[in-house]
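Visitor: Have a look at the structure that comes next, please.
Here, each number is a calculation from the coordinates, and none is a lab measurement. Because the structure is a prediction, the values reported are computed rather than measured. A quick note on method: Cβ atoms are made from the backbone with ideal geometry, for glycine too, and the neighbour counts reach across all protein chains shown.
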Amino acid sequence: MATSGGKSDLRSVQPTFGDMSVATYGAKVNTPAKNPDYFRLFHALLVERAVKSKAGKVVLLDVACGPAQELDFFKDDKRVELVGVDIAQDLLTAAQARLPFAKFFCWDVRQTPPLPSDIAPGSVDVGIALNAMIYVPDKMLGALGYGLRRGGEAAVNFRVFGNPYNEAFYTHYTTRNGVIREEELSLPTARGGTEKFVVAALDYTNCIDLDTGEPDPIRNLVVQMYFRSKSDIERLIGIGGFEIVDSKPFHFQSPVNPDNEIEVYTIRK
Ligand SMILES: C[S@@+](CC[C@H](N)C(=O)[O-])C[C@H]1O[C@@H](n2cnc3c(N)ncnc32)[C@H](O)[C@@H]1O
């Protein structure tokens, strides 16, 4: 897949998912959030490990939870206290209606601190962030790192640009006026340096519905970034201060691609 060069401030991108209805979100957004295999292989495993390691309830934080469909799998699990944060209030309102006992906070993880004061640093046992690393990945990891207790684990996923399984995903949008640019992402490190990444930025802002020629609501995704290799992803995770416990490819069907392959990392603080 060819990319054109470009420069934009990827870290200032603010998507407007809340402007899509939850039904449109469900029909358009390519997430494994409702996939029972994803739940079983990653989120459930982490919770089981955490339950064994402490007495009392396990606190699970979902960073960039959106409508939080991934939390529905835990709705009858009394061992788990569910917490979600996202920038889009409308999606959180929908999540709260489905999961009245969960705590949701409208929060931008680019803020300092990266989580609201109701979530004390180190108070979280398990972190999850599903399809979150496409926006401000360092800040998403920063929120997980801030919330998790030492030794706490999280599952995060990435779609590697250039993976042939994902070609159909990108082509779907480029044939609808989406644009893919090569961009540089510079991230500060804990030691005061900078690490650079060349990422593929998928710009949805001119996407149209091919049948009607009208703007497609997928425009609300604005610009998402995709790392180009597993080694870049692992470098990012290292900058975030996490140790990698495990990584596995995961396949799932989504609205625009029958067989996506994503990389799922289990990481430990
Ligand atoms: C692709 S959606 C994933 C939502 C959900 N985890 C899922 O898989 O269905 C990405 C989410 O990131 C949220 N988001 C983007 N930038 C954010 C930020 N700076 N702070 C908090 N949430 C953010 C968006 O509002 C959106 O709900």
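Visitor: In nanometres, what is the gap between the two model label sites at Ser123 and Lys75, each 7 Å from Cα along Cα-to-Cβ?
Guide: In this crude label model, Ser123 to Lys75 measures out at 2.6 nm.
Visitor: How many nm separate the modelled label positions at Arg150 and Leu210, each set 7 Å beyond the Cα in the direction of the Cβ?
Guide: Result for the modelled spin labels: 5.5 nm.
Visitor: Which whole-Hz ³J(HN,Hα) couplings does the stretch 109-119 yield from phi under the Karplus relation 6.51 cos²θ - 1.76 cosθ + 1.60, θ = phi - 60°, glycine and proline marked x?
Guide: 5, 7, 6, 10, x, x, 10, x, 5, 5, 10
Visitor: Show me the ranking of peptides 88-94, 33-39 by mean Cβ neighbours inside 10 Å, starting with the highest.
Guide: So the order, starting with the most tightly packed, is 88-94, 33-39.
Visitor: Apply 1/(1 + (r/R0)^6) to the Cβ-Cβ distance of Leu45 and Asp259, taking R0 = 22 Å, and write down the FRET efficiency to the nearest 0.05.
Guide: Calculated value: 0.40.
Visitor: Given bins 10 angstrom wide, list per bin the percent of all Cα-Cα distances in the stretch 85-222, short to long.
Guide: 10, 30, 34, 21, 4, 0
Visitor: Where does each of 184-191, 250-257, 143-150, 233-240 land if you order them by average Cβ count within 10 Å, highest first?
Guide: Numbers: 184-191: 12.5, 250-257: 16.0, 143-150: 21.9, 233-240: 19.4.
Put in order of decreasing packing, that is 143-150, 233-240, 250-257, 184-191.
Visitor: For Cα pairs less than 8 Å apart in space and 6+ apart in sequence, what is the mean separation divided by the residue count of the chain, i.e. the relative contact order in percent?
Guide: Here the relative contact order equals 21 percent.
Visitor: Can you tell me the mean projection area, over all orientations, of the convex hull of the chain's alpha carbons? Units nm², please.
Guide: It is 13.4 nm².
Visitor: Per-residue ellipticity at 222 nm for the chain, helices alone: DSSP H runs ≥ 4 residues times -39500 (n - 2.57), over residue total, nearest 500 deg cm²/dmol?
Guide: -6000 deg cm²/dmol
Visitor: Right, something else. Amide H to amide H under 5 Å from Phe104: which residues, 5+ apart in sequence or cross-chain, H placed 1.01 Å off N in plane?
Guide: Gly84
Visitor: Taking the Cα-to-Cβ direction at Glu243 and at Cys106 and moving 7 Å from each Cα, how far apart do the two end points lie in nm?
Guide: Roughly 4.0 nm, to one decimal.
Visitor: Need the full-extension length gain, Asp19 to Glu167, defined as separation in residues times 0.36 nm minus the C-alpha distance. One decimal, nm.
Guide: Roughly 50.5 nm would be gained on extension.
Visitor: Restricting to Cα pairs below 8 Å that are 6+ residues apart, what does the relative contact order work out to for the stretch 110-269? Please round to a whole percent.
Guide: Once normalised by length, the contact order is 25 percent.
Visitor: Could you give the size of the charge dipole of the stretch 1-92 about its Cα centre, using +1 on the Cβ of each K and R and -1 on the Cβ of each D and E, expressed in debye and rounded to the nearest 20?
Guide: In total the dipole reaches around 360 debye.
Visitor: Right, something else. Convert each backbone phi in the stretch 10-21 into a coupling constant with the Karplus relation 6.51 cos²θ - 1.76 cosθ + 1.60 (shift: θ = phi - 60°), then list the ³J(HN,Hα) values in order as whole Hz, x for Gly and Pro.
Guide: Here the 3J(HN,Hα) series is 4, 7, 9, 5, 10, x, 10, 3, x, 7, 9, 5 Hz.
Visitor: Which order do the peptides 47-60, 67-80, 216-229, 124-137 take when ranked by the mean count of other beta-carbon atoms within 10 Å per residue, highest first? Display every interim value, and only then the final one.
Guide: Values: 47-60: 15.7, 67-80: 18.5, 216-229: 20.3, 124-137: 24.7.
Sorting 47-60, 67-80, 216-229, 124-137 by mean packing, highest first, produces 124-137, 216-229, 67-80, 47-60.
Visitor: So between Asp9 and Ser186, what do we pick up on full extension, going 0.36 nm a residue minus the alpha carbon distance?
Guide: 62.7 nm
Visitor: Using the Cα gyration tensor of the stretch 79-119, with a ≥ b ≥ c the square roots of its eigenvalues, what is the shape: rounded (a/c below 1.5), prolate (a/b larger than b/c) or oblate (neither)? Each step should come with its number before you reach the end.
Guide: On the way: a/c = 3.24, a/b = 1.38, b/c = 2.35.
Judged from the Cα gyration tensor, the stretch 79-119 comes out oblate (a/c at least 1.5, b/c at or above a/b).
Visitor: Whole-Hz ³J(HN,Hα) for each residue in the stretch 134-150, computed from phi via Karplus 6.51 cos²θ - 1.76 cosθ + 1.60 with θ = phi - 60°, x for glycine and proline: what do you get?
Guide: 7, 10, 5, x, 5, 6, 5, 5, x, 5, 5, x, 5, x, 5, 6, 4
Visitor: With a ≥ b ≥ c taken as the square roots of the eigenvalues of the C-alpha gyration tensor of the stretch 172-269, please select rounded if a/c is under 1.5 and otherwise prolate if a/b is larger than b/c or oblate if it is not?
Guide: Judged from the Cα gyration tensor, the stretch 172-269 comes out oblate (a/c at least 1.5, b/c at or above a/b).
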